[in-house]
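The values are calculated or read from the model by the stated rules, or taken from the named source; none is laboratory data. In this text, all values refer to a predicted model and were calculated from it rather than measured experimentally. Every residue, glycine as well, gets a Cβ built from its backbone with ideal geometry; the counts of neighbours run over all protein chains shown.
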Amino acid sequence: MASTVDYTVDSDRATALVTLDRPDSLNTLNDRLIEELCDAIARAEADDEVRAIVLHGAGDEAFSAGYDITPAGEDGEEEDPVPSVDDLLDEFDAATDHVHAVWECDTPVIAAVDGYCLAGGSDLSMACDLVIASEESEFGYPGLRMAGVPPTLIYPFVMNLHEAKELLLTGKVVDAQRAAELGMVNRVVPRDRLMETVFAEVEEIRKMPGNNVRILKQVLNGTAEMQGAKPMFKFSELFDALGHHTEYGKEYYRIAATEGFDAALEYMNERNKGTRPPE
């Protein structure tokens, strides 16, 4: 079975290249890819010759369009399209391992984003230490129009509260330039200069003492954790599981399983017009 994550080391640049390799599925995150991504991050961190990790998606359509929510089991047979709360809790706990792996990795991780960077894909990119995006990139969490919250609520820790609300209270998708204005992206460049720009940042990192870079990353991420990042990561998993189990969330799953995701999204868009929370 083909790997879903490609791992290579560019020795000249002291860089591990980690590629999400499911281009036919817009590099969506399934259980296998998440496990292989965690392994790749650990492998790079254990390599003393690697000074930086570059994370990108195969193809030019997507960094990652988020979690793979196709209603099928690992053997390809359809499961119950409406998972239980317990199933969702187990799923979301395991489904965020890769975000924690990137966040906790001592080696700097740079996201090279080209194309869609949505939902769980945006969580992953923002857990990285730097984000360089092509002009064709798009960011956001459109799945929130169905239910739930981002299972790793990292948005308020990379942008201010009003900016986080602009995205999360609407579920809208923004272009790369707006993402940079919101603080999701460090730099926006033409597609043909993306990797050149990423490796230029790697060279800047390599001018620093390696142990000092590790210390600085721990201190900076630790500051966010002292402000509540780690507890919020956990709480958001719980809230996401519960949010997916609303009556309309269940109906979304059923429609997606029987009629497809376009029909499910159309259902949610129509349902949500003028909808108020129950009294």
Check your understanding: How many residues, within the range 191-214, are without any contact (Cβ under 8 Å) to a residue 60 or more places away in the chain and among the polar types (S, T, N, Q)?
Key -> 2
**Study point:** Residue within the range 103-114 that is within 21 Å of F139 (Cβ to Cβ), assigned to a helix (DSSP H, G or I), under 13 Å from the mean Cα position of the chain (by Cα) and modelled with pLDDT of 60 or more present
**Key:** yes
Check your understanding: T170 fails exactly one of the following numbered conditions: (1) closer than 27 Å to R145 by Cα; (2) surrounded by fewer than 13 Cβ atoms within 10 Å (Cβ to Cβ); (3) hydroxyl-bearing (S, T, Y). What is the number of that condition?
Key -> (2)
Review point. In the range 48-65, how many residues are in a loop (DSSP other than H, G, I, E, B), out of contact with any helix residue (DSSP H, G or I) (no Cβ under 7 Å at 6 or more places or on another chain) and within 14 Å of L37 (Cα to Cα)?
Key: 0
Study note, to complete from the structure: Only unsatisfied item for G143, checking (1) over 20 Å from A52 (Cβ atoms); (2) free of Cβ contacts under 8 Å to residues at least 60 places away in the same chain; (3) small (G, A, S), is (2)
Practice item. Go through (1) modelled with pLDDT under 95; (2) under 18 Å from G121 (Cβ atoms) one by one and return the number of the condition H56 breaks. Key: (1)
Review point. Yes or no: E138 more than 27 Å from L265 (Cα to Cα) and among the charged types (D, E, K, R)?
Key: no
Revision key, fill the gap. A164 vs (1) surrounded by fewer than 18 Cβ atoms within 10 Å (Cβ to Cβ); (2) at pLDDT below 95: all pass except (1)
Practice item. Among what's in the range 22-56 and is touching a strand residue (DSSP E or B) at 6+ places or on another chain (Cβ under 6 Å) and β-branched (V, I, T), pick the residue that is surrounded by the fewest Cβ atoms within 10 Å (Cβ to Cβ). Key: V50
Check your understanding: Among the candidates R178, R193, which residue alone is surrounded by fewer than 18 Cβ atoms within 10 Å (Cβ to Cβ) and either charged (D, E, K, R) or touching a Gly at 6+ places or on another chain (Cβ under 6 Å) (or both)?
Key -> R193
Review point. Just checking, which of A119, A112 is crowded, with 23+ Cβ neighbours inside 10 Å, closer than 13 Å to V185 by Cβ and in contact (Cβ under 8 Å) with a residue 12 or more places away in the chain?
Key: A112
Study note, to complete from the structure: Within the range 6-21, the residues that are farther than 18 Å from K217 by Cβ and crowded, with 23+ Cβ neighbours inside 10 Å are L20
